[in-house]
Every structure is written in structure tokens, then in C-alpha cells.
Amino acid sequence: METKVALIGIVVENFDSVTKLNDILHAYGDVIIGRMGIPYKEREVSIISVAVDATEDTISAMAGKIGKLPGISSKTVYAKMGE
């Protein structure tokens, strides 16, 4: 199956959801290229970027699970490789 490269941008406002977020990221660890987290203490949020290489279905499933967590927002951007 064809894979795509994508970036999932995550904003954490509810730190009670971080354990569940990390569980999801761990479950999809085999498709994660890299991850960067930035704590923004002045605004009491954390910003996380996760680069992935996976099928569109896998990326959608991962992003969907992340987006359902309380106090966590996410958006996915796909690379336009080969278009």
C-alpha cells in the first residue's frame, strides 16, 4: 500500500489527557518519523508536531484518536509528494 508523509500538529490545553496522548503516539511509533514538543508555560499549553510516514487510513485513525481527547486539538497536513 502507498504511504504518505504528513505532519500532525497538536495543541495540548488539558494536561490530564497527556498520558492518553502518549499512549496513542506509542501505539503508532512504527510510523512516526520524528516528534518535537514545545511547552509554552506562559499560556499554559504545549505544542507538539509529529511527522509520520504511513497509509492515509493509518494517519487518519491516529489523528482521529488524538482529536477525540479532551482539551487536545489537532490538524493534519499532507505532503504533496509526486503530485
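Compute the acute angle (0 to 90°) between the alpha-carbon long axis of helix 18-27 and the principal axis of greatest extent of the alpha-carbon atoms of the chain; round to the nearest 10°.
So the helix axis and the longest Cα principal axis differ by about 20 degrees.
Given the -39500 (n - 2.57) contribution per DSSP H run of 4+ residues, what per-residue ellipticity at 222 nm results for the chain, rounded to the nearest 500 deg cm²/dmol?
-8000 deg cm²/dmol
Kindly express, to the nearest 10 degrees and within the range 0 to 90, the angle between helix 56-67's C-alpha long axis and the longest C-alpha principal axis of the chain.
For 56-67 against the chain, the angle is about 10 degrees.
Residue 73 to residue 47: extension gain in nm, 0.36 nm per residue of separation minus the Cα-Cα distance?
Result for the pair: 8.4 nm of gain on full extension.
Give the residue list of GluC sites (Glu not before Pro) in the stretch 28-73 that are DSSP loop and have at most 14 other beta-carbon atoms within 10 angstrom.
For GluC sites (Glu not before Pro) across the stretch 28-73 that sit outside H, G, I, E and B with at most 14 neighbouring Cβ atoms in 10 Å, the list reads 44.
For the stretch 4-78, taking Cα atoms only, what is the radius of gyration to one decimal and the Dmax to the nearest whole Å?
Radius of gyration, then largest Cα-Cα span, for the stretch 4-78: 11.6, 37 Å.
Computed from the coordinates by the stated procedures, all read-outs in this text should not be read as laboratory data. This one's a predicted model, so the numbers in the text were calculated from it and none came from an experiment. Glycine gets a Cβ as well: all are built from the backbone with ideal geometry, and neighbour counts include every protein chain shown.
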